[in-house]
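Peer 1: Dropping the structure in here first, questions after.
The numbers here are math on the coordinates, done by the rules we state, and not lab data. Keep in mind the model is a prediction, meaning the values are calculated, not measured. As a convention, Cβ positions derive from the backbone with ideal geometry for all residues, glycine included, and neighbour counts pool all protein chains shown.
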Amino acid sequence: MNASDPADTPELRTVRTALMLACRAPSLHNTQPWRWIFDGTRLHLFSDPDRLLRSADPLGRQLVISCGAVLDHARLALLSMGWFADVIRTPDPNLPGHLATLEFRPWPGSLNTTAARIRAIRQRRTDRLPMLAPPGWIEVFDAIRELARPHHVAVDEVCDSDRPRLAAATDHATALRRYDMPYQNELHWWSGHSDAKEGIPVAALVSDAEGARVDVGRSFPAAPYSLRRGQLEDQSRLIVLSTLGETPAQWLRTGEALSEVLLECTARGLATCALTHITELVASRWVIADLLPDKGVPQVVIRIGIAPEDTDPVRTPRRPLEEVLEVRSLRP
C-alpha cells in the first residue's frame, strides 16, 4: 500500500477478505506466482515473472495454470460474500503479465450455494500419500466434467488397463530429470524447507517408502523415513484435464477448471493431488494424449481418492497479502 491508495471502501475491504481466501489456491511447488492490483473499482490479475521456474516451466504454462486457479478462487470468494464477479480474460497488451480483470458488484440474490465450496478452499490440501478408492465415483466424475466444460477443458479418466502406461511415463520423466541439475536445484530450492510463507514444507513431502506405493506421482526430495498408511497401496482414480490447443488463454482456463475440480472433490470429502510434471516433457505428453479419446493436449493429471482418517493433512504456507496485492491506478 502507498500514500496514493484509494480510501478504505467496502470494495477494498471485500478485495482484501476475498484474496485472503483466494491465495489458498494451489500452485507449482507452492510458488504462488501471482500479483493483484486493485484500482479502486476493478481487480486485476498479473503473473509474477520472478516466480517462473525456468527449468521446469520455461514457457510459463504451469505458472499461468496456477494463476487460473487463483482467479477462480477469487471469483468464488467474492460470490460467497455477496458480490457477483464478471471475469474479463482478454489481457491488456500494454500491461506486461496481465491475465484477467475481475469486475464485481453487489448481488441482491441468495448466494448460499457457494458455501460448501468456500469451506473447501480452507480445507483443500495436496495429498501425496496412497489413497483409498473414492466412493460414488461415477457421480463425482460426471460432476467434475460438467464443472470443467464451461472453461472448454475436457476431463477424461485413465482406465485401469492404461494406468501402467501412465506410471511408466511418470518413471521415464523422473529418470530424464534425475541428472538435470538446474531442474533439481529448482526442485530442492522450493521443497523441504521451513520457510513460513512459500514452498513445500518437509511435512508435506513423502518418504521413499511412502512414495513407492504411489504409482503415478511426482518425485520430490525424500522426507525422513516414515510409513504413513503403511498397509495401503494407492487406489486413487486418475483423471486428465486437456485442452484443444496450447495457448496462454487455454492455460488460464485450465487453471480455472482445476480450481473447480479440486474444490468440488474437497467439498465431497475427497483427497486430491494435482500433477503437472508428467506434462512438462513432450514424450510424456504423447503418452498421455494417446490415452485420451479426442487426442487433446494434456495439461494436468489429478489423483482423486479418500484419505484415511489416521493421517492429518499438512497446511502449506502462504505469502502475506501485502506481498501480492497493490492498491493503485494502472495508469500514470
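Peer 1: Of the options 10, 296, 59, report the single residue whose Cα projects farthest towards the positive end of the charge dipole of the chain (beta-carbon charges: Lys, Arg +1; Asp, Glu -1).
Peer 2: Looking along the dipole axis, the top candidate is 10.
Peer 1: Turning to a different aspect of this structure: At what distance in nm do the modelled label points of residue 328 and residue 286 sit from each other, each positioned 7 Å from its Cα along Cα→Cβ?
Peer 2: 4.8
Peer 1: Spelling out what I want: for every residue of region 25-40, take phi, set θ = phi - 60°, compute 6.51 cos²θ - 1.76 cosθ + 1.60 (Karplus), and round to whole Hz; glycine and proline get x.
Peer 2: 4, x, 8, 4, 6, 6, 6, 6, x, 10, 9, 10, 10, 9, 9, x
Peer 1: So what's the angle, to the nearest 10 degrees on a 0 to 90 scale, between helix 248-267 and the longest Cα principal axis of the chain?
Peer 2: Taking the Cα atoms of the chain, the angle to 248-267 is about 70 degrees.
Peer 1: A further question on this structure: Given Cβ point charges of +1 (Lys, Arg) and -1 (Asp, Glu) and nothing else, what value in debye, to the nearest 20, does the dipole of region 120-217 about its Cα centre take?
Peer 2: In debye, rounded to 20, region 120-217 gives about 240.
Peer 1: So, one more: State to the nearest 20 debye the size of the charge dipole of the chain about its Cα centre, where the only charges are +1 on K and R beta carbons and -1 on D and E beta carbons.
Peer 2: About 400 debye.
Peer 1: If I stretch the segment between residue 39 and residue 176 completely, what's the gain in nm (0.36 nm per residue apart, minus their alpha carbon distance), one decimal?
Peer 2: 44.8 nm
Peer 1: Could you grab the relative contact order for the chain? Cα pairs under 8 Å, six or more apart, rounded to a whole percent.
Peer 2: Reported as a whole number, the value is 26 percent.
Peer 1: For region 123-305, what relative contact order do you get, as a whole percent, if you take Cα pairs closer than 8 Å and at least 6 residues apart?
Peer 2: Rounded, it is 34 percent for region 123-305.
Peer 1: Quick one: longest stretch of the chain between exposed loop chymotrypsin sites (Phe, Trp or Tyr not before Pro), exposed meaning at most 14 other C-beta atoms within 10 Å and loop per DSSP?
Peer 2: 1-178
Peer 1: On a C-alpha basis, how far is the centre of region 42-80 from the centre of region 158-210 in Å? Whole number, if you could?
Peer 2: 21
Peer 1: Could you calculate the contour length gain from residue 189 to residue 314, that is, 0.36 nm times the residue separation minus the distance between their Cα atoms, to one decimal place in nm?
Peer 2: Stretched out fully, the residue 189 to residue 314 stretch lengthens by 43.1 nm.
Peer 1: Say the dipole of the chain comes from +1 at the beta carbon of Lys and Arg and -1 at that of Asp and Glu; which of 173, 258, 201 then lies farthest toward its positive end?
Peer 2: Working it through, the farthest residue towards the positive pole turns out to be 201.
Peer 1: Residue by residue through region 61-66, what is 3J(HN,Hα) from phi via Karplus (6.51 cos²θ - 1.76 cosθ + 1.60, θ = phi - 60°)? Round to whole Hz and write x for glycine and proline.
Peer 2: Values per residue, Gly and Pro as x: 5, 5, 4, 5, 4, 4 Hz.
Peer 1: Under a plain spin-label model, where a point goes 7 Å from the Cα along Cα-to-Cβ, how far apart in nm are residue 95 and residue 138?
Peer 2: So the label points at residue 95 and residue 138 sit 4.7 nm apart.
Peer 1: Summing Lys, Arg as +1 and Asp, Glu as -1, what charge do residues with Cβ under 11 Å from the Cβ of residue 88 carry, residue 88 excluded?
Peer 2: That sum, taken over residues with Cβ under 11 Å, equals -1.
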